Amino acid sequence: MINCAKYEQMNQSEIFKILKSEEEKLNQQMELVVYLRNKLKNDFYDLKNAPSIIKLDAEFEKLSPLEQDEILNEVKKEMHG
């Protein structure tokens with residue numbers, strides 16, 4: 001819980017100084033939050049575990065072996081130009 005009473009007797013200059021300091025701390029915290037979220041997304045969310053990939057894999061498995069081969073060959077062609 002924040003003790004706001006200690007700020008009651010401060011003048012405008014003192015309050016401005018504290019406000020600026022707290023805003024800087026908040027900005028640094030937000031930068032850290034963004035960095036950590038991106039790190040989690042990039043480091044720990046691989047495609048094998050992506051819900052859309054899992055769904056596509058399940059649909060792919062329903063296809064006949066011939067259809068699977070055709071799709072794989074088409075993908076390989078696209079990947080190699």
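The values are calculated or read from the model by the stated rules, or taken from the named source; none is laboratory data. What you see is a predicted model; the values in this text were computed from it and never measured. Backbone-built Cβ (ideal geometry, glycine too); neighbour counts: all protein chains shown. Heads up: the accessible areas ignore ligands, DNA and RNA and are worked out on the full protein's heavy atoms, side chains in. Shrake-Rupley method; radii C 1.70, N 1.55, O 1.52, S 1.80 Å.
Search the range 6-28 for residues being charged (D, E, K, R) and in a helix (DSSP H, G or I), and hand back the single one that is modelled with the lowest pLDDT.
The extreme case among them is Lys6.
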- Qualifying positions in the range 60-81 - outside any helix (DSSP H, G or I) and surrounded by fewer than 10 Cβ atoms within 10 Å (Cβ to Cβ): Ser64, His80, Gly81
- Could you please find all residues in the range 22-59 being over 27 Å from Ile2 (Cα atoms), of a type in the set (Asp, Glu) and open to solvent by 80 Å² or more (accessible area, probe 1.4 Å)? Asp43, Asp57, Glu59
